[in-house]
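Chemist: Provided herewith is a single structure, encoded as structure tokens, for subsequent inquiry.
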Amino acid sequence: MDREFEERFIKPIINASYPGTLAALCLSVLQSAREVTGWDTLITKVLIAVGSIMFLVSSFSIFFHTIYPTKRNLWTTAAISFLMGLTASLVAVIVIVIR
């Protein structure tokens, strides 16, 4: 019973927490980066916001894929949105370094 409970209820939350943590980090950077680094350009704000949204989409997709493992489009959505979030974050860092 305990193993079934963990597989059914706890595992989806744990799996979704990994990209969810990255989304929270992006949002905290977006909130406090102006005070810390002094940058206030629209392109960096948009890139970090897009990265955060993509990580959230990935988190929800992973959560529902763990519940419904036969839905392959959820896994594809999770992978693509996670890679888009990483790309947006990387480009934002490159823009900040260049400035």
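Chemist: Being assigned to a helix (DSSP H, G or I) and modelled with pLDDT under 90 narrows it down to one residue among V91, V95, V46; which is it?
Modeler: Working: V91 fails: modelled with pLDDT under 90; V46 fails: modelled with pLDDT under 90.
The match here is V95.
Chemist: Follow-up question, since we're still on this one. Go through region 68-78 residue by residue and tally those that are assigned to a helix (DSSP H, G or I) and over 22 Å from L27 (Cβ atoms). Give the derivation first.
Modeler: Kept after step one, since they are assigned to a helix (DSSP H, G or I), are these residues of region 68-78: 72-78.
Now drop any that are not over 22 Å from L27 (Cβ atoms), which leaves 72-76.
The number of residues fulfilling the criteria is 5.
Chemist: Name the single residue that is surrounded by the fewest Cβ atoms within 10 Å (Cβ to Cβ) among those in region 69-99 being within 22 Å of I10 (Cβ to Cβ) and touching a helix residue (DSSP H, G or I) at 6+ places or on another chain (Cβ under 7 Å).
Modeler: Filtering region 69-99 down to residues within 22 Å of I10 (Cβ to Cβ) leaves 69-71, 74-75, 78, 82.
Retained after the next criterion (residues that are touching a helix residue (DSSP H, G or I) at 6+ places or on another chain (Cβ under 7 Å)): 71, 74-75, 78, 82.
On the way: K71: 13, L74: 19, W75: 15, A78: 23, F82: 20.
Ranking the qualifying residues of region 69-99, first place goes to K71.
Chemist: Answer yes if at least one residue in region 31-40 is surrounded by 15 or more Cβ atoms within 10 Å (Cβ to Cβ) and at negative phi, and no otherwise.
Modeler: Restricting attention to region 31-40, the residues satisfying the condition of being surrounded by 15 or more Cβ atoms within 10 Å (Cβ to Cβ) are 33.
After this cut, where a residue has to be at negative phi as well, the list is 33.
The answer is yes, given that some residue of region 31-40 is surrounded by 15 or more Cβ atoms within 10 Å (Cβ to Cβ) and at negative phi.
Chemist: Quick one: count up the residues across region 46-77 that are free of Cβ contacts under 8 Å to residues at least 40 places away in the same chain, under 10 Å from the mean Cα position of the chain (by Cα) and over 20 Å from V93 (Cα atoms).
Modeler: 2
Chemist: Further question on the same structure: Tell me which residues, restricted to region 67-99, are closer than 14 Å to K45 by Cα and touching a Pro at 6+ places or on another chain (Cβ under 9 Å).
Modeler: Passing the criteria: only G85.
The values are calculated or read from the model by the stated rules, or taken from the named source; none is laboratory data. Nothing here was measured: the structure is a model prediction, and the numbers come from that model. A quick note on method: Cβ atoms are made from the backbone with ideal geometry, for glycine too, and the neighbour counts reach across all protein chains shown.
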